[in-house]
Amino acid sequence: MPLTATAYETEIQPTAGPRIEHRQPVATLTGVTKRYGSALALDRLNLSLRPGEIVALLGPNGAGKSTAIKLLLGLSSPTSGSVRVFGSDPRNAATRTRVGAMLQVSRITEMIKVREHLDLFRSYYPRPLPVSDIVRIAQLQGIEDRLFGQLSGGQKQRVLFALALCGNPDLIFLDEPTVGMDIEARRGLWAEIRVLSALGKTVLLTTHYLEEADALADRIIVINKGRVISEGTPAEIKRSSGGRRIRCHTALSHELLQSLPTVTSVESSGEATIVTAIHAEKVVREMLLRDETLSGLEIASPALEDAFLALTKT
Ligand code: ADP
Ligand code: MG
């Protein structure tokens, strides 16, 4: 049974003092550089999370995503620059109780039951979420009494997700939360992440799937080699990377096609012409009006992965 935001809030909202930081960013990295020996993992990175938003940190392997999360969790210190979470150092004890995380390297014992893991994690926090809420949000019904080691990969990921919620955090970091899941399981976890957002939690997730960032995020920050290379809403990110591909056989000249609104490129591919445009439907309508012989029309679904590759190309 899905949990409604209202029921949840009345039940388990933190009872601590006034939320004076309400309009302030929840967490920031300001001019953060992180070196591991001679390797530069983050290069003067700026990042700011506003209350209640889902931000996706998107980038290829080695971009610096996990490093950014480790710094925000206080698990690692910046070489230079400043890291603030709820207005203080991320290692501050009060700050830590308000943060939950699902890390890529999470290792928990295989030999105890899911329910025991939940109880253990809940015991670390002053105001933990009720187990029943955690089970509902992370969809663990029916596997609470199974040993962690006996679960499938996707179920393990959901348990790790559940552990991130145990302390009823206001801010949640999810480092590649759907890695190794099939598309159906990924969609399931996306829905669970949206529930968190509906409850007013701030979520930073990392992913190397543009599709995932697009499905979940209010804002996407694309990083590569430790630097921000693009930032905006999913629509803005897709626009900035050139739009959709229209492939067809047409008698129209490249020059004319290039002049149509929102067209970003025109190329030949054998006999076919490939037009990239932000508003593909409008462009196709124009092309059909002007060329009765137009044939073999295909419009590629938003070229998400291409867009991402274009953005992160060095
Ligand atoms: P991502 O999570 O985006 O894949 P990471 O933040 O894990 O990237 O890594 C960023 C860069 O920092 C990579 O070049 C990686 O090899 C390096 N790096 C990360 N952690 C360490 C470490 N503990 N020691 C040395 N190099 C590291
Ligand atoms: Mg990583």
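Would you confirm, using the coordinates I've provided, whether Val179 is within 16 Å of ligand 1 (Cβ to nearest atom) and at pLDDT below 95? Working first, answer last.
Values: within 16 Å of ligand 1 (Cβ to nearest atom): yes; at pLDDT below 95: yes.
In short, yes.
Somewhere in region 52-66, is a residue near ligand 1 (Cβ under 7 Å from one of its atoms) and assigned to a strand (DSSP E or B)?
No, there is no match, as no residue in region 52-66 is near ligand 1 (Cβ under 7 Å from one of its atoms) and assigned to a strand (DSSP E or B).
Going by the structure shown, is Lys65 basic (Lys, Arg), within 24 Å of Leu216 (Cβ to Cβ) and within 16 Å of ligand 2 (Cβ to nearest atom)? Spell out the reasoning first.
Working: basic (Lys, Arg): yes; within 24 Å of Leu216 (Cβ to Cβ): yes; within 16 Å of ligand 2 (Cβ to nearest atom): yes.
So Lys65 passes the test.
Would you point out which residue out of Ser48, Ser82, Ser77, Ser106 is more than 12 Å from ligand 1 (Cβ to nearest atom), hydroxyl-bearing (Ser, Thr, Tyr), at pLDDT below 95 and out of contact with any Cys (no Cβ under 7 Å at 6 or more places or on another chain)? Full working, then the answer.
Numbers: Ser48 fails: at pLDDT below 95; Ser82 fails: at pLDDT below 95; Ser77 fails: at pLDDT below 95.
Of Ser48, Ser82, Ser77, Ser106, the one residue that is more than 12 Å from ligand 1 (Cβ to nearest atom), hydroxyl-bearing (Ser, Thr, Tyr), at pLDDT below 95 and out of contact with any Cys (no Cβ under 7 Å at 6 or more places or on another chain) is Ser106.
When you scan region 101-115, how many residues do you find that are free of Cβ contacts under 8 Å to residues at least 24 places away in the same chain and within 19 Å of Asn168 (Cβ to Cβ)? Walk me through how you get there before you give the answer.
To start, the set of residues in region 101-115 that are free of Cβ contacts under 8 Å to residues at least 24 places away in the same chain comprises 105, 107.
Next cut, within 19 Å of Asn168 (Cβ to Cβ) only: none.
So the count comes out to 0.
For the subset of region 237-261 comprising residues that are over 35 Å from the mean Cα position of the chain (by Cα) and of a type in the set (S, T, N, Q), which member is nearest to Leu58 (Cα to Cα)?
First, the residues of region 237-261 that are over 35 Å from the mean Cα position of the chain (by Cα): 249-257, 259.
Going one step further and asking which of them are of a type in the set (S, T, N, Q), we end up with 250, 253, 259.
On the way: Thr250: 37, Ser253: 37, Ser259: 33 Å.
Looking at residues that are over 35 Å from the mean Cα position of the chain (by Cα) and of a type in the set (S, T, N, Q), I get Ser259.
Of all residues being free of Cβ contacts under 8 Å to residues at least 24 places away in the same chain and in contact with an Asp or Glu (Cβ under 9 Å, 6 or more places away or on another chain) in region 223-234, which is nearest to ligand 1 (Cβ to nearest atom)? Just the residue, please. Talk me through it step by step, then tell me what you get.
Narrowing region 223-234 to residues free of Cβ contacts under 8 Å to residues at least 24 places away in the same chain: 231-234.
Now narrow it down to the ones that are in contact with an Asp or Glu (Cβ under 9 Å, 6 or more places away or on another chain): 233-234.
On the way: Thr233: 22, Pro234: 19 Å.
Among those that are free of Cβ contacts under 8 Å to residues at least 24 places away in the same chain and in contact with an Asp or Glu (Cβ under 9 Å, 6 or more places away or on another chain), it is Pro234.
Can you give me the number of residues within region 196-235 that are part of a loop (DSSP other than H, G, I, E, B) and of a type in the set (Gly, Ala, Ser)? First the steps, then the outcome.
So the first thing to find is which residues in region 196-235 are part of a loop (DSSP other than H, G, I, E, B), and the list is 199-201, 208-209, 217-218, 225-226, 233.
Going one step further and asking which of them are of a type in the set (Gly, Ala, Ser), we end up with 200, 217, 226.
Count: 3.
Quick check, is Lys201 within 16 Å of ligand 1 (Cβ to nearest atom) and in contact (Cβ under 8 Å) with a residue 24 or more places away in the chain?
On the way: within 16 Å of ligand 1 (Cβ to nearest atom): no; in contact (Cβ under 8 Å) with a residue 24 or more places away in the chain: yes.
Criteria not met by Lys201.
Considering (1) within 13 Å of ligand 1 (Cβ to nearest atom); (2) loosely packed, with under 15 Cβ neighbours inside 10 Å; (3) assigned to a strand (DSSP E or B), say which one Leu40 fails and leave the rest.
It is condition (2) that Leu40 fails.
Could you say which residue among Thr207, Thr202, Thr264, Thr233 is among the polar types (S, T, N, Q), closer than 30 Å to Ile172 by Cα, surrounded by fewer than 21 Cβ atoms within 10 Å (Cβ to Cβ) and within 32 Å of the chain's Cα centre (by Cα)?
Working: Thr207 fails: surrounded by fewer than 21 Cβ atoms within 10 Å (Cβ to Cβ); Thr202 fails: surrounded by fewer than 21 Cβ atoms within 10 Å (Cβ to Cβ); Thr264 fails: closer than 30 Å to Ile172 by Cα.
It is Thr233.
So, Ile193, is that one more than 16 Å from ligand 1 (Cβ to nearest atom), assigned by TED's automatic domain parsing to the domain that holds Gly74, in a strand (DSSP E or B) and within 14 Å of the chain's Cα centre (by Cα) or not?
On the way: more than 16 Å from ligand 1 (Cβ to nearest atom): yes; assigned by TED's automatic domain parsing to the domain that holds Gly74: yes; in a strand (DSSP E or B): no; within 14 Å of the chain's Cα centre (by Cα): yes.
No; evaluated as a whole, the condition is false for this residue.
For region 237-300, give me every one of the strands (runs of 3 or more DSSP E) that falls completely inside it and has 1 or more residues that are outside the structural domain of Leu58 (by TED's automatic domain parsing) and in contact with a Leu (Cβ under 6 Å, 6 or more places away or on another chain). Break it down into steps so the answer makes sense when it comes.
Working: elements: 244-249, 263-269, 272-277, 295-299.
So the answer is 244-249, 263-269, 272-277.
For region 179-189, check the following and say yes or no: at least one residue is more than 16 Å from ligand 2 (Cβ to nearest atom), of a type in the set (D, E, K, R) and in contact (Cβ under 8 Å) with a residue 40 or more places away in the chain.
No, region 179-189 contains no residue that is more than 16 Å from ligand 2 (Cβ to nearest atom), of a type in the set (D, E, K, R) and in contact (Cβ under 8 Å) with a residue 40 or more places away in the chain.
Do we have Val135 as of a type in the set (A, V, I, L, M, F, W, C) and more than 29 Å from Leu42 (Cβ to Cβ) here? Talk me through it step by step, then tell me what you get.
Values: of a type in the set (A, V, I, L, M, F, W, C): yes; more than 29 Å from Leu42 (Cβ to Cβ): yes.
Spelling it out, Val135 is indeed of a type in the set (A, V, I, L, M, F, W, C) and more than 29 Å from Leu42 (Cβ to Cβ).
Evaluate the following for Ile193: is it closer than 25 Å to Asn61 by Cβ, touching a residue at least 24 places away in the same chain (Cβ under 8 Å) and more than 16 Å from ligand 2 (Cβ to nearest atom)?
On the way: closer than 25 Å to Asn61 by Cβ: yes; touching a residue at least 24 places away in the same chain (Cβ under 8 Å): yes; more than 16 Å from ligand 2 (Cβ to nearest atom): yes.
Considered against the rule, which asks whether it is closer than 25 Å to Asn61 by Cβ, touching a residue at least 24 places away in the same chain (Cβ under 8 Å) and more than 16 Å from ligand 2 (Cβ to nearest atom), Ile193 comes out as yes.
Whether any residue in region 3-15 is of a type in the set (A, V, I, L, M, F, W, C), touching a Leu at 6+ places or on another chain (Cβ under 9 Å) and either over 30 Å from Glu211 (Cα atoms) or at pLDDT 95 or above (or both) is what I want to check. Spell out the reasoning first.
Filtering region 3-15 for residues of a type in the set (A, V, I, L, M, F, W, C) gives 3, 5, 7, 12.
Among the residues that remain, those that are also touching a Leu at 6+ places or on another chain (Cβ under 9 Å) are: 3, 5, 12.
Within this subset, residues satisfying the condition of being either over 30 Å from Glu211 (Cα atoms) or at pLDDT 95 or above (or both) are 12.
Scanning region 3-15, I find at least one residue that is of a type in the set (A, V, I, L, M, F, W, C), touching a Leu at 6+ places or on another chain (Cβ under 9 Å) and either over 30 Å from Glu211 (Cα atoms) or at pLDDT 95 or above (or both), so the answer is yes.
The values are calculated or read from the model by the stated rules, or taken from the named source; none is laboratory data. Since we're looking at a predicted model, the values are computed, not measured. With ideal geometry, Cβ positions are generated from the backbone for all residues, glycine too; neighbour counts draw on all protein chains shown.
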